[in-house]
Each structure stands twice: as C-alpha cells, then as structure tokens.
Amino acid sequence: MNAPGLNAKEVEKAVWSCYQENPAEFRGYTLYDLGAYPEPPICHKIIREISKSHETPKTTKPGLGEALLLHKLLPRTDCKECHKPTCLAFALDLVRGKVRLRDCPFLNQPEFAENRQTLSKLLE
C-alpha cells in the first residue's frame, strides 16, 4: 500500500484540477484557478518530489508511517477488544492486511462513522 493520500496519480489529478481556468471536477469538488498563471504547469515536478520524499527508508519498519496516519483516525482507546494490545498495533496490522476495519468495535459506533469512511477510502 502506498502512503494514504499520496497516490501519485491522485495528487497529479488534484494539482491539474487546481490550475485549470475552467472548473474541473475532482473527488466531488469543483476546482479551478480564477487567475490561472500563463506559464506551463509544474505538477510533474511536484509529483516527482512527493514520490521521492515519501519513499520508505530501509531502516524504518514497513508500514509504520502509514500506520501512524491511520492511527490518528482510530478511536485510540487501546481497549484490546480487537485482540491487539494497542490501537497503533491495530493500525499497523490494518496496513499489513492482517485485520479489517470491522474488527474494531468502536468504529461501528455512530460517532466514528466519518472516521470509518475516511479509513475505508485510505485503505482502498
């Protein structure tokens, strides 16, 4: 899994949408630049830099960065009802595909519906 929200094609489409003179649709939003700059776009340079800066260093455990991002959206109760010692351990196993969102009983509660939806999109 790539870092959530850092899919190069998605970022490229978002950047492209933002510099259009006419409204462009992106993920349910209408984006454009009212005063579009007449120079050539730099989105490819941005994508290249984003891709380089988010490469996982070999000294880091695989998936730890992604797990930290997902952890922010979890209930963070460390309840152990998912059979994991902490919500961070649950997030790491989410990244690795060892558990599913439904394994967290708190995410099924109405107050966490928005976070569950965001997590689901990030894990696609």
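Every read-out reported here was derived from the displayed coordinates using simple, explicitly stated rules and does not represent laboratory data. These numbers come from a predicted model, not from an experiment.
If you wrap a convex hull around the alpha carbons of the range 64-122, what volume per residue comes out, as a whole number of Å³?
Taking the convex hull of the Cα positions in the range 64-122, it is 67 Å³ per residue.
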Residue separation times 0.36 nm, minus the C-alpha to C-alpha distance between A113 and E21: what's the value? 29.5 nm
